[in-house]
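Here the structure is laid out as structure tokens; the discussion comes afterwards.
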């Protein structure tokens, strides 16, 4: 979810490193201490200036109260009262300036004590006690990566964007499976969070982000994985092996075996997944030819065999269509 590369916000000497390499830290845990003596001295100086100006303001306010009373009895000129009012405003401005200086120095002192901004795992140690860090430096002091939860960014073809968006608009929770580099072993299961706001025109894809709990640390930051997004589940459809479907121009058809005779039957092809295809036009239990298509024709007699045909033979093997659910 997050990666935090921490750099120094103040200049000073590192006097303490409070984490070990690979340690799991919680938000707010101490990580690094930088010598803060210089900044504490500056803070004390600013606090002193603030205290002095606060007392000057208090004195000016007391004088203003006296002048207002005297003016009410026509004892002083109006100019004296006006001058004192402006003097009070000047002192108020000085106090505000001092307060800002104090707050700035307090922040500088806090920067000397670096804590974890997020919960996660600390990487290898990059700085040691005694090293000098610079305010304007780009040297990373420590890197924290969040592991639980973790997200996977993957791409979806733009042609498949419509069905995914339809499901997201319906508030459906779409599951995402992460597989290893060979796409054979499933590593973890998660849920689609959202899609990017534009299509990458160079690849014709849109990015998606999926969330994984990753409580067993099966996923690792920057790891390469293959993903499979389950968009919808079709109930009560008929599935056939994809290899049993033949093409005749734009039309799809299969060979149905009835009483040892092959019959061509047009089918409407739907979703294909895992070597199986959803079709309309045949019924569960129909026997389909699944090989030797170059020998098959309408109303040709066939011999059904449960064994795969040997190389060079003209036999046709068959498969039974079944009713099932197709992802």
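A short reminder: the numbers here are calculations on the coordinates, not readings from a lab. Every value quoted in this text rests on a predicted model; they were computed, and no experiment measured them. For neighbour counting, all protein chains shown are included, and Cβ atoms are generated from backbone atoms with ideal geometry for every residue, glycine included.
Consider the candidate values (1) 51, 43, 36; (2) 64, 51, 35; (3) 128, 55, 32; state which one is Cα extents along the principal axes in Å computed from the structure displayed.
It is the one labelled (3).
Using helices alone, what [θ] at 222 nm do you get for the chain, with -39,500 (n - 2.57) per DSSP H run of 4 or more residues, divided over all residues and rounded to the nearest 500? Write out the running numbers ahead of the final one.
On the way: 3 runs with 79 residues, N = 327.
About -8500 deg cm²/dmol.
Using 0.36 nm times the number of residues separating residue 42 and residue 193, minus their current alpha carbon distance, what extension gain do you get? Walk me through the intermediate numbers first.
On the way: separation 151, 0.36 × 151 = 54.36 nm, distance 4.78 nm.
The span from residue 42 to residue 193 would gain 49.6 nm if fully extended.
Could I have the simple spin-label model distance between residue 223 and residue 59, label points 7 Å from Cα toward Cβ, reported in nm to one decimal?
Simple spin-label model gives 7.0 nm for this pair.
With equal scatterers on the alpha carbons only and no solvent term, can you work out the Debye log10 of I(q)/I(0) for the stretch 61-199 at 0.14, 0.18, 0.21, 0.22 1/Å?
One equal scatterer on each Cα of the stretch 61-199 leads to -0.93, -1.11, -1.27, -1.33.
How much length, in nm to one decimal, is gained on full extension between residue 248 and residue 70, taken as 0.36 nm per residue of separation minus their Cα-Cα distance?
Details: separation 178, 0.36 × 178 = 64.08 nm, distance 10.97 nm.
Residue separation times 0.36 nm, minus the Cα-Cα distance, leaves 53.1 nm.
Can you give the extra length, in nm with one decimal, that the chain gains between residue 81 and residue 103 once fully stretched, where that is 0.36 nm per residue apart less the Cα-Cα distance?
On the way: separation 22, 0.36 × 22 = 7.92 nm, distance 3.34 nm.
Difference between extended and current length: 4.6 nm.
I want to check the label-to-label distance for residue 211 and residue 11. Put each point 7 Å from Cα in the C-beta direction and report it in nm to one decimal.
4.4 nm
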